[in-house]
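First the structure, in the form of structure tokens, and then the observations on it.
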Amino acid sequence: MEPTIQSSYEEAKKLYAQHGIDVDRALERLAQIKISMHCWQGDDVRGFLNRDQDLTGGISVTGNYPGAARTPEELRADLEKAFSLIPGKHKVNLHSIYADTDEKVELDRIEPKHFESWVDWAKEHGLGLDFNPTCFSHEKSQDGFTLSHPDPAIRQFWIDHCKASRKIGAYFGEQLGQTCVTNVWVPDGFKDIPADRLGPRQRLKDALDEVFAEELNPAHNLDAVESKLFGIGSEAYVVGSHEFYMGYGLQNNKLICLDAGHFHPTEVISNKLSSLSLFADGILLHVSRPMRWDSDHVVILDDELLDIAKELVYGDLLGKTHIGLDFFDGSINRVAAWVIGTRNTIKALLRAMLTPAEALKQAELEGDYTTRLALTEEFKSYPFGAVWDYYCAQSGVPVREQWLAEVKSYERDVLLKRGE
């Protein structure tokens, strides 16, 4: 480790210690947090089962930056490169369409054997796996409905797909010794104002009841349900609204997924965490960056990300919250997008740990809002960067922007050659 990194860290520790903040302890806590990095950033949500199928379900990826992964082997290589530049040991979030098999298999017939290579790879690298049924980009979802479809046969196809996905999630958890979160999101909704809002929601509720009917070991698999405000093609009405899934999740003991881009533009999920934590046993986060709509931009260290991290740390919610990323950008180097978003998420958590949370709460209780504001603002310029640099160096990953040179080299030596 460079002497300047070590000395800057020691000086930073002294400043934080004046406010009772144990920096070494903060880094120990940080190292235990696993971020679930989404595989679909690496290939623009194409997957491998139905690569020729157009994206549907309101999903759109813009940009044609060279080097998108075309095979499971390429995608895993890209993930390995990204993880080599990110401190800590984390997880990979897979969608069902990322099955690694030469067999022609439909979504309602996928099995653990179609993901054996992913499990072997995860074991080799000490990673966990999370999972998602893929209820979009399929001929049976082209009219915008899946689990709430009025056609019983099509609805059953998606029910069977979600059932199969849960078993794969349980297989991941059992094999890897890390609980898999299997998250259900469906794009169902209407472009224009429906005559019947209740009917589709009744069908969705009944379908979910069937999906979740089989009890699975919670040490292996935890179920989550994810809402959305609107999407392309479902601007007027989404069956799986926030109210629907909050009610369903609380009633049926499922994780409730809060996606940063799935609410009204003036809503933020940071303000929902404390309320939900009082009633839900667990929470799933999809950390993203909406820009005017659910556009899933690469996560940056903005105010909302910092507020999400503060809520998790100040409220002691890290033990019940599963943190995943959900963004996709085809206009920039895809490996760099992973590195930027994941490092920023970890940075935000560290920064929250390096604030005098208890002193701020005490000042607030005493009505001393002057101290609350003063300390909040002063800590924005405390030497957080020195601690982050030390953590990266200690973890054996590049410090500051040094990682970019490695990504550029990987782009030159690997990514650009994929188009040849």
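The values are calculated or read from the model by the stated rules, or taken from the named source; none is laboratory data. This is a predicted model, so every value here is computed, not measured. Reconstructed Cβ throughout: ideal geometry from the backbone, glycine too, with neighbour counts over all protein chains shown.
Overview of values
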item	result
Flag for Glu304 being surrounded by fewer than 18 Cβ atoms within 10 Å (Cβ to Cβ) and out of contact with any His (no Cβ under 7 Å at 6 or more places or on another chain)	no
Helices (runs of 4 or more DSSP H) (entirely within region 1-83) containing at least 2 residues that are aliphatic (A, V, I, L, M) and within 30 Å of Lys380 (Cα to Cα)	3-17, 23-31
Residue list for region 330-383, restricted to those being outside any helix (DSSP H, G or I) and free of Cβ contacts under 8 Å to residues at least 12 places away in the same chain	Glu366, Gly367, Asp368
Verdict on Ile269 being in contact with a strand residue (DSSP E or B) (Cβ under 7 Å, 6 or more places away or on another chain) and either farther than 20 Å from Ser241 by Cα or modelled with pLDDT under 95 (or both)	no
Conditions (1) without any contact (Cβ under 8 Å) to a residue 24 or more places away in the chain; (2) in contact with a Phe, Trp or Tyr (Cβ under 6 Å, 6 or more places away or on another chain); number of the one not met by Thr182	(1)
Top-ranked residue in region 272-301 [being over 18 Å from Gly319 (Cβ atoms) and of a type in the set (Ser, Thr, Tyr); ranked as modelled with the highest pLDDT]	Ser288
Count of region 15-42 residues which are of a type in the set (Gly, Ala, Ser), touching an Asp or Glu at 6+ places or on another chain (Cβ under 9 Å) and surrounded by 17 or more Cβ atoms within 10 Å (Cβ to Cβ)	2
Matching residues, region 100-139, being assigned to a loop (DSSP other than H, G, I, E, B) and more than 19 Å from the chain's Cα centre (by Cα)	Asp100, Thr101, Asp102, Glu103, Lys104, Val105, Glu106, Ile110, Glu111, Ser137, His138
Selection count, region 310-324, where residues are closer than 17 Å to Ala357 by Cα and of a type outside the set (Asp, Glu)	7
Residue identified as touching a Lys or Arg at 6+ places or on another chain (Cβ under 8 Å) and either surrounded by fewer than 20 Cβ atoms within 10 Å (Cβ to Cβ) or under 27 Å from Glu226 (Cα atoms) (or both) among Pro72, Pro112	Pro112
Within region 402-414, tally of residues that are surrounded by 13 or more Cβ atoms within 10 Å (Cβ to Cβ), within 16 Å of Ile340 (Cβ to Cβ) and among the hydrophobic types (A, V, I, L, M, F, W, C)	3
Residues that are surrounded by fewer than 19 Cβ atoms within 10 Å (Cβ to Cβ) and either outside the structural domain of Asp143 (by TED's automatic domain parsing) or charged (D, E, K, R) (or both), drawn from region 229-254	Glu235, Glu243
Selection within region 221-239 - touching a residue at least 60 places away in the same chain (Cβ under 8 Å) and among the small types (Gly, Ala, Ser)	Ala224, Gly231, Gly233, Ser234
Test: residue in region 139-154 that is crowded, with 20+ Cβ neighbours inside 10 Å, among the polar types (S, T, N, Q), assigned by TED's automatic domain parsing to the domain that holds Met37 and touching a Gly at 6+ places or on another chain (Cβ under 7 Å)	yes
In region 384-401, the residues that are part of a helix (DSSP H, G or I) and charged (D, E, K, R)	Asp389
Candidate set from region 1-14 (those that are of a type outside the set (A, V, I, L, M, F, W, C) and in contact with a helix residue (DSSP H, G or I) (Cβ under 8 Å, 6 or more places away or on another chain)); member that is surrounded by the most Cβ atoms within 10 Å (Cβ to Cβ)	Tyr9
Region 140-155, residues that are in contact with a Leu (Cβ under 8 Å, 6 or more places away or on another chain) and not in a helix (DSSP H, G or I)	Leu147, Ser148
Yes/no for Ile323 being buried (at least 19 other Cβ atoms within 10 Å of the Cβ) and in a helix (DSSP H, G or I)	no
Flag for Glu226 being surrounded by fewer than 23 Cβ atoms within 10 Å (Cβ to Cβ), acidic (Asp, Glu), modelled with pLDDT of 95 or more and touching a Gly at 6+ places or on another chain (Cβ under 8 Å)	yes
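Conditions (1) over 28 Å from Cys39 (Cβ atoms); (2) of a type outside the set (Phe, Trp, Tyr); (3) in contact with a Lys or Arg (Cβ under 9 Å, 6 or more places away or on another chain), marked per residue:
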| position | (1), (2), (3) |
| --- | --- |
| Val335 | no, yes, yes |
| Thr342 | no, yes, no |
| Ile346 | no, yes, no |
| Leu349 | no, yes, yes |
| Ala352 | no, yes, yes |
| Pro356 | yes, yes, no |
| Glu377 | yes, yes, no |
| Ser381 | yes, yes, no |
